[in-house]
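The values are calculated or read from the model by the stated rules, or taken from the named source; none is laboratory data. These numbers come from a predicted model, not from an experiment. In this analysis, Cβ positions are derived from the backbone assuming ideal geometry, glycine residues included, and neighbour counts consider all displayed protein chains.
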Amino acid sequence: PSSKETPVTHNHEETLVLVKPDGVERGLTGQILARIEAKGYVITELRMLTPTREMLVKHYEEHEGKPFFEPLVEFMGSGPVVAARVTGNRVIEGFRSLAGATEPTTAAPGTIRGDLGRDWGEQVQKNLVHGSDSTLSAERELGIWFG
Ligand code: UDP
């Protein structure tokens, strides 16, 4: 196909984005959602809630048993979170690219974590956003946050 053809719904995907409690508390929700929209992704569902421990244990089940699991679950339940269902072509990989590396200090400038994330010392859990890492995770996580 020639590059002049209109890109439409090729590789259309959905992902779960969370603005974590540090992002909401710092008043960065609007900026973060604006970056997602500016990239051309579409937000099709949005809610703000303080998640229950039960939701968080399910959401982070792959990390259960790791040393950062408890602090992570505690932090994520410490205040309101904004959850978004975001759609677009290759949005799973694309949002993770927008978010940047896990640690705000080493995340590249230009990314959400690189531009807006702080170094909180040991508290690596405070890195502003979450994005699903595969189609399987996205489906599972969207079920937890949007039912
Ligand atoms: N995390 C942490 N300590 C670590 C690694 C991860 O607190 O050593 C937290 C951090 O909030 C991260 C989340 O656990 O976003 C999930 O970890 P993952 O490796 O999946 O990172 P991500 O995909 O969010 O970049």
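Worth a mention:
- The listed residue being touching a residue at least 12 places away in the same chain (Cβ under 8 Å), closer than 16 Å to Pro21 by Cβ and more than 9 Å from the ligand (Cβ to nearest atom), out of Leu116, Leu142: Leu116
- Considering Phe75, Phe69, the condition of being surrounded by 11 or more Cβ atoms within 10 Å (Cβ to Cβ) and in contact with a Pro (Cβ under 8 Å, 6 or more places away or on another chain) is satisfied by Phe75 alone.
- Complete set of residues in region 5-45 that are more than 13 Å from Gly94 (Cβ to Cβ), within 16 Å of the ligand (Cβ to nearest atom) and either outside any helix (DSSP H, G or I) or among the small types (Gly, Ala, Ser) (or both): Leu16, Leu18, Val19, Lys20, Gly23, Arg26, Leu28
- Region 53-75 residues that are within 19 Å of Trp145 (Cα to Cα) and in contact (Cβ under 8 Å) with a residue 60 or more places away in the chain, paired with ones that are away from the ligand (no atom under 12 Å from the Cβ) and part of a helix (DSSP H, G or I) (beta carbon under 8 Å, 6 or more apart): Met55/Ile144; Met55/Trp145; Lys58/Ile144; His59/Ile144; His59/Trp145
- Here Gly88 does not qualify as exposed (fewer than 14 other Cβ atoms within 10 Å of the Cβ) and either more than 11 Å from the ligand (Cβ to nearest atom) or farther than 24 Å from His12 by Cα (or both).
- Scanning region 66-91 for residues that are touching a Ser or Thr at 6+ places or on another chain (Cβ under 7 Å) and either of a type in the set (Lys, Arg) or at pLDDT below 95 (or both) returns a single hit, Arg85.
For every residue, the table says whether it meets (1) surrounded by 14 or more Cβ atoms within 10 Å (Cβ to Cβ); (2) in a loop (DSSP other than H, G, I, E, B); (3) within 12 Å of the ligand (Cβ to nearest atom).
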position	(1), (2), (3)
Arg47	no, no, no
Gly65	no, yes, no
Val82	yes, no, no
Arg96	yes, no, yes
Ala107	yes, yes, yes
Lys126	yes, yes, yes
Leu136	no, no, no
